[in-house]
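Participant: Here it is, the structure in full.
The values are calculated or read from the model by the stated rules, or taken from the named source; none is laboratory data. Here the structure is a predicted model, which means the values were calculated and not measured. Cβ: placed from backbone, ideal geometry, glycine included. Neighbour counts: every protein chain shown.
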Amino acid sequence: MMKPAKQTKVMARLQQLEEKSDLFWALIGLISIFIVGTIDWLTGSDISFSLFYLVPVCLVTWFLGKTPGIVTSTIAAVVWLFCDYFSDNSYSHIAIYYWNSFIRLGFFLVVTLLFSSLQEAMENERRLARIDGLTGALNTRCFSELLQTEFDRFKRRKSPFTLAYIDLDNFKMVNDNLGHSTGDDVLSLIVTYTQAQLRKTDYVARLGGDEFVLLLTETDQFGAEIAISKIQFGLLKEMKRNNWPVTFSIGVLTCVELPDTIDDLIKQADNLMYAVKNSGKNSVRYAFCHG
């Protein structure tokens, strides 16, 4: 069984490969096919290269998806047909060349579909491991990874980012008076609405019960004030529209310098939120992170 440290390295390496552009993998696939085809043609019928044609087919399918994989399978089958036709192979009828290519294409397509299904299953499992099952927000583990990435990016670029720690006021009242099902609806609506207001580079995570945190990448305090004010106003409007007695205590921490660890960072944002909670709730407090 693979050790956790080694498994982490493998996953990190796979993620690096997945970050390569689509054009990169398309070119890798085409170049690989023509390299294999050239060697296949030069060596003639004495050596079989069927397994080597599968390498670019599998690579393209894994990193680009099913449709590019089917296209690559077709190209591989056509290249193999030309190599077969122009090599020293001779068949009793020319149709045999096409029949063999058809069979090879079918084999490539089966492998493509299997690889595509496996990739989709793994991607779905990876996605489920990163999100909160109830609301669709990121879970604590995923958020910590993203925050660490932003933490490291700040060390390189000194670009500010902002954390917004959100606690729901009167949420227990919703569960007690309206039922846990309604409480679940409240949590889900908050995430759905908030995600719709954020940029693609921003994130919302559920840290527990009725506590959420937003990560606004490359955002200074001025930008955070605009974004958080809009989100708070919209959420309060949604709560009122549904007759839910929920308000929001929010601590907004903008990082222009860093503490020692991300745990210290989260603790500062948490303390800021509780300062709002202890001073009357339903408000927003802004501060800068200190080392």
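Participant: If residue 230 meets every condition in (1) exposed (fewer than 15 other Cβ atoms within 10 Å of the Cβ); (2) closer than 17 Å to residue 258 by Cβ apart from one, which number is that one?
Facilitator: The one condition residue 230 does not meet is (2).
Participant: Okay, moving on. If you go through the range 73-110 one residue at a time, how many are surrounded by 13 or more Cβ atoms within 10 Å (Cβ to Cβ), among the charged types (D, E, K, R) and modelled with pLDDT under 85?
Facilitator: 1
Participant: Another question, then. Just to be sure, is residue 189 more than 17 Å from the chain's Cα centre (by Cα), modelled with pLDDT of 95 or more and under 19 Å from residue 270 (Cα atoms)?
Facilitator: For residue 189, the condition - more than 17 Å from the chain's Cα centre (by Cα), modelled with pLDDT of 95 or more and under 19 Å from residue 270 (Cα atoms) - is not met.
Participant: Residue by residue through the range 239-270, note down the ones that are farther than 11 Å from residue 288 by Cα and among the acidic types (Asp, Glu).
Facilitator: 260, 263, 264, 270
Participant: Where the second residue is crowded, with 17+ Cβ neighbours inside 10 Å and among the aromatic types (Phe, Trp, Tyr) and the first is in the same structural domain as residue 64 (by TED's automatic domain parsing) and lies in the range 109-123, which pairs have Cβ atoms under 9 Å and are six or more apart or on separate chains?
Facilitator: 115/62; 116/62; 118/62; 119/62; 119/63
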